[in-house]
Amino acid sequence: MAESSCDILIVGGGVGGVAAALAACSLGHRVVLTEETDWIGGQLTAQAVPPDEHPWIEEFGCTARYRDYRNGVRQYYRDHTPLHPQAPDFNPGGGWVSRLCHEPRIGWQVLNEMIEPAVAAGYLEVRLGIEPVHGLVDGDEVMGVAFSNGDTMYARYVLDATELGDLLPLCGAEYVTGAESKSETGEPNAVEGPAQPGNVQGLTWVMALAHDAGSHRVIDKPPHYEKWRAYRPEFWPGPLLGFDILDPHTGNPKKLPLFSDDWYNLFLYRQIVDPAKFEADFAPHPVTIVNWPQNDYFLGNLIDEPVSTVRERLEESRELSRSLLYWLQTEAPRHDGGVGYPGLYLRPDITGTPDGFAMAPYIREARRIKARFTVTEQMVAAYTNPGLDRAPAFSDSVGIGAYRIDLHPSTSGANTIDTSTLPFQIPLGALIPVRMKNLIPACKNIGTTHITNGCYRLHPVEWNIGEAAGLLASYCLATGKSMDEVHTHPAEYQRLLQDQGIELRWPATQLRAL
């Protein structure tokens, strides 16, 4: 057991946590960043999810540091892999979900390169494999956090960048979970009747899957395979283990096969290794990331549940993914008329795990802090703002983002909610708790609703939130101002954000709904 102190403690080393650390260290503050897995990077690495981004990402619409990350990934491929010559904006894996589908282990390498100068200079300390267990609170302030290894860390500002907003209950902060009532928020897609705190988006235990055509690599039949093989959600057009899906935009049934003669197939969707991009004598097998409707797990919530229940549900989510792999290998109808793809196999080297599954589950929805300001659907949806090419502005903007409201099936049994949005801003008020004076949310746990979480949870937005949170803590430390004072008069803080390469508003060019 040991005690230590720092200026800023960031609990959670995901996308937001890393971004917050980079920003705060750039202003000379001493930062400790903790992470419960072995990899920093969250969605990008430990959860193995290629970045979901907007259509303007190559030109504008992200922070300078996020662009450094994207450029760093491409440069890493040039420097360390036998690629054919590639255009400057090449897509490493060729997947169609993003213009930067890349291997999570390479994302992890790039993030480590990005933080190394701060580590070497003594501004940043990273502690892996630990999780918070207790918050040390004095009134409205968090004095420190105790961790699972017995250590206690004290700090002047504490940032919650955990995947589930774990610090909020540990520190007694006010927070919200699940779906708000329509009577509370007025959101068109909010639930009727009382709020549903247990109604959260499903999680996914992602896996990296390669294909060696002509080989036989079938895994042992999972113990609960028959259960998942027979499972058919009420709202789904067929068994969950199948190629029948619902179009998220129209709600109409359609087929999305594993392979096809064109680009529209599951394998290419999140493909992260494209053999065509490599020199012929290297010729790797293609690899995709399995984060599909078929392995979304929505049979139970993880938030504020007993530890034993959480463990059971996480194991069920892994079993669902295993069962999907076995079904693909043995029973899936082939695009050439056959049955099964026995050449599919897991890639542990890509995920940094013994089995090819991601280190941690992909969490879409966390606890959300009760904030000074809450973003609702009406503020960002396209159909509530007719005639506009961007969402109405926030005067306290700390960044921008763009993505559809994309809610996966939820633990209440509700189907996908997929709604068009306008390019939006991130309001500072959503990062400031209603009461706590030095606790700042730094990822998907800001003041959004169940509905708007669906567009504020994606990689570049979470990165921007993290940077804004890290710079808010640094600015308050440097000036002696409280977060409330900054919120009341944000102009000087906003100039700091701009000086740090954060875009506070969309450029004066024609945009569109997504």
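Looking at region 110-133, which of its residues are farther than 21 Å from Ser26 by Cα, open to solvent by less than 60 Å² (accessible area, probe 1.4 Å) and of a type outside the set (Gly, Ala, Ser)? Can you show your working first?
First, the residues of region 110-133 that are farther than 21 Å from Ser26 by Cα: 128-133.
If we keep only those that are open to solvent by less than 60 Å² (accessible area, probe 1.4 Å) too, we end up with 129-130, 132.
Passing the criteria: Ile130, Pro132.
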When Pro88 is run through (1) part of a helix (DSSP H, G or I); (2) open to solvent by 10 Å² or more (accessible area, probe 1.4 Å), the failure sits at (1)
When every residue in region 451-489 that is open to solvent by less than 10 Å² (accessible area, probe 1.4 Å) and not in a helix (DSSP H, G or I) is compared, the one farthest from Ser98 (Cα to Cα) is Ile451
Exercise. Taking the stated definitions as given, is Ile440 part of a loop (DSSP other than H, G, I, E, B), open to solvent by less than 10 Å² (accessible area, probe 1.4 Å) and farther than 19 Å from Trp506 by Cα?
Worked result: no
Next on the checklist: Can you confirm whether Ser474 is over 19 Å from the mean Cα position of the chain (by Cα) and more than 26 Å from Gly107 (Cβ to Cβ)?
Outcome noted: no
By residue number, the members of region 63-89 that are under 30 Å from Arg512 (Cα atoms) and in contact with a strand residue (DSSP E or B) (Cβ under 8 Å, 6 or more places away or on another chain) are Thr63
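Mind checking which residues of region 354-366 are part of a loop (DSSP other than H, G, I, E, B) and either among the acidic types (Asp, Glu) or within 23 Å of Pro293 (Cα to Cα) (or both)?
Asp355, Gly356, Ala358, Met359, Ala360, Pro361, Ile363, Arg364, Glu365, Ala366
Conditions (1) farther than 30 Å from Arg232 by Cβ; (2) touching a Gly at 6+ places or on another chain (Cβ under 7 Å); (3) of a type in the set (S, T, N, Q), marked per residue:
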position: Thr351; (1), (2), (3): no, no, yes
position: Ala358; (1), (2), (3): no, no, no
position: Pro361; (1), (2), (3): no, no, no
position: Ala382; (1), (2), (3): yes, no, no
position: Pro386; (1), (2), (3): yes, no, no
position: Asp389; (1), (2), (3): yes, no, no
position: Asn415; (1), (2), (3): no, no, yes
position: Asp418; (1), (2), (3): no, no, no
Of the residues in region 134-167, those that are open to solvent by 10 Å² or more (accessible area, probe 1.4 Å) and farther than 18 Å from Val18 by Cα number 16
Checked pairs for region 65-92, first under 28 Å from Cys25 (Cα atoms), second among the aromatic types (Phe, Trp, Tyr) and buried (at least 20 other Cβ atoms within 10 Å of the Cβ), C-beta under 6 Å and 6 or more apart or across chains, list as Tyr66/Trp463
Scanning region 389-413 for residues that are open to solvent by 40 Å² or more (accessible area, probe 1.4 Å) and of a type outside the set (S, T, N, Q), the one farthest from Ile426 (Cα to Cα) turns out to be Gly413
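Hand me the list of helices (runs of 4 or more DSSP H) wholly inside region 148-264 holding 3 or more residues that are touching a residue at least 40 places away in the same chain (Cβ under 8 Å) and more than 23 Å from the chain's Cα centre (by Cα).
225-230
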field: Filter pass, Gly429 being in contact with a strand residue (DSSP E or B) (Cβ under 9 Å, 6 or more places away or on another chain), surrounded by fewer than 23 Cβ atoms within 10 Å (Cβ to Cβ) and within 30 Å of Gly139 (Cβ to Cβ)
entry: yes
Within region 423-437, residues being of a type in the set (A, V, I, L, M, F, W, C) and assigned to a helix (DSSP H, G or I) number 3
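Kindly indicate which of Asp336, Asp349 is among the charged types (D, E, K, R) and at pLDDT 95 or above.
Numbers: Asp336 fails: at pLDDT 95 or above.
Unique residue meeting the criteria: Asp349.
Yes/no per residue for (1) loosely packed, with under 15 Cβ neighbours inside 10 Å; (2) among the charged types (D, E, K, R); (3) out of contact with any strand residue (DSSP E or B) (no Cβ under 7 Å at 6 or more places or on another chain):
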{"residue": "Phe243", "(1), (2), (3)": "no, no, no"}
{"residue": "Pro253", "(1), (2), (3)": "yes, no, no"}
{"residue": "Ser260", "(1), (2), (3)": "yes, no, yes"}
{"residue": "Gln271", "(1), (2), (3)": "no, no, no"}
Restricting attention to region 55-73, the residues that are within 21 Å of Gln271 (Cβ to Cβ) and open to solvent by less than 10 Å² (accessible area, probe 1.4 Å) number exactly 4
The one condition Tyr231 fails out of (1) hydroxyl-bearing (Ser, Thr, Tyr); (2) farther than 18 Å from Thr288 by Cβ; (3) crowded, with 16+ Cβ neighbours inside 10 Å is (3)
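Which ones in region 359-388 are among the aliphatic types (A, V, I, L, M), over 19 Å from Thr416 (Cα atoms) and either in contact with a Lys or Arg (Cβ under 6 Å, 6 or more places away or on another chain) or touching a residue at least 40 places away in the same chain (Cβ under 8 Å) (or both)?
If we filter region 359-388 for residues that are among the aliphatic types (A, V, I, L, M), which is where we start, we get 359-360, 363, 366, 369, 371, 375, 379-382, 388.
Then keep just the ones that are over 19 Å from Thr416 (Cα atoms); that gives 359-360, 369, 371, 375, 379, 388.
Correct list: Met359, Ala360, Ile369, Ala371, Val375, Met379.
The values are calculated or read from the model by the stated rules, or taken from the named source; none is laboratory data. Since this is a predicted model, take the numbers as computed values, not measurements. We place every Cβ from the backbone using ideal geometry, glycine too, and count neighbours over all the protein chains shown. For accessibility, only protein heavy atoms count, side chains too; no ligands or nucleic acids. Shrake-Rupley method; radii C 1.70, N 1.55, O 1.52, S 1.80 Å.
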